[in-house]
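A quick write-up on the structure given underneath.
The values are calculated or read from the model by the stated rules, or taken from the named source; none is laboratory data. Since we're looking at a predicted model, the values are computed, not measured. No Cβ is skipped: glycine too gets one built from the backbone with ideal geometry, and neighbour counts run over all protein chains shown.
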Amino acid sequence: MKILAVCGFGVGSSMVLKMTLDKVVKELGIEATVENTDIATAKATDADVYFTSAELESDLEASTDKPVYAVKRYMDKNEVGARLKEYLATREEK
């Protein structure tokens, strides 16, 4: 599974989100690659799921048919984990 953490410039907040996603992925025992990137690159990069801010969510959703999840607190493992679990639940339904 490929997970993208996305922010405006692909440097600050997406890196923080990536590190939190890495921790959650490890705790859940999921086989996944987590990368961080900027919004323009994310629009051209295929991934299984995208995590970003509420401000960028609709812009990213318009450019992909894959799930996009907004996160408010990038360092909050509980929030990030809950969003990732939402995604995993939708995958299991298919």
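Here are some notes:
- Residue tally, condition surrounded by 11 or more Cβ atoms within 10 Å (Cβ to Cβ), free of Cβ contacts under 8 Å to residues at least 12 places away in the same chain and hydrophobic (A, V, I, L, M, F, W, C), over the range 79-94: 1
- Residue check, Val71 of a type in the set (A, V, I, L, M), surrounded by 13 or more Cβ atoms within 10 Å (Cβ to Cβ) and free of Cβ contacts under 8 Å to residues at least 40 places away in the same chain: no
- Any hit, the range 70-86, residues being part of a loop (DSSP other than H, G, I, E, B), under 15 Å from Gly8 (Cβ atoms) and touching a Lys or Arg at 6+ places or on another chain (Cβ under 7 Å): yes
- Residues being surrounded by 15 or more Cβ atoms within 10 Å (Cβ to Cβ), of a type in the set (A, V, I, L, M, F, W, C) and farther than 14 Å from Tyr87 by Cβ - total across the range 30-50: 2
- Against the criterion of being in contact (Cβ under 8 Å) with a residue 40 or more places away in the chain, touching a helix residue (DSSP H, G or I) at 6+ places or on another chain (Cβ under 9 Å) and surrounded by fewer than 12 Cβ atoms within 10 Å (Cβ to Cβ), Glu27 qualifies.
- Residue check, Ser53 of a type in the set (Ser, Thr, Tyr), surrounded by fewer than 19 Cβ atoms within 10 Å (Cβ to Cβ) and free of Cβ contacts under 8 Å to residues at least 12 places away in the same chain: no
- Residues that are loosely packed, with under 13 Cβ neighbours inside 10 Å and hydrophobic (A, V, I, L, M, F, W, C), drawn from the range 56-68: Ala62
- Among the residues of the range 38-58, those identified as among the aliphatic types (A, V, I, L, M) and under 13 Å from the mean Cα position of the chain (by Cα) are Ile39, Ala42, Ala47, Val49, Ala54, Leu56.
- Subset of the range 1-59 [of a type in the set (Gly, Ala, Ser) and either under 19 Å from Ala89 (Cβ atoms) or in a helix (DSSP H, G or I) (or both)]: Ser13, Ser14, Gly29, Ala32, Ala40, Ala42, Ala47, Ala54, Ser58
- Any chance Asp76 is under 17 Å from Thr20 (Cβ atoms) and at pLDDT 95 or above: yes
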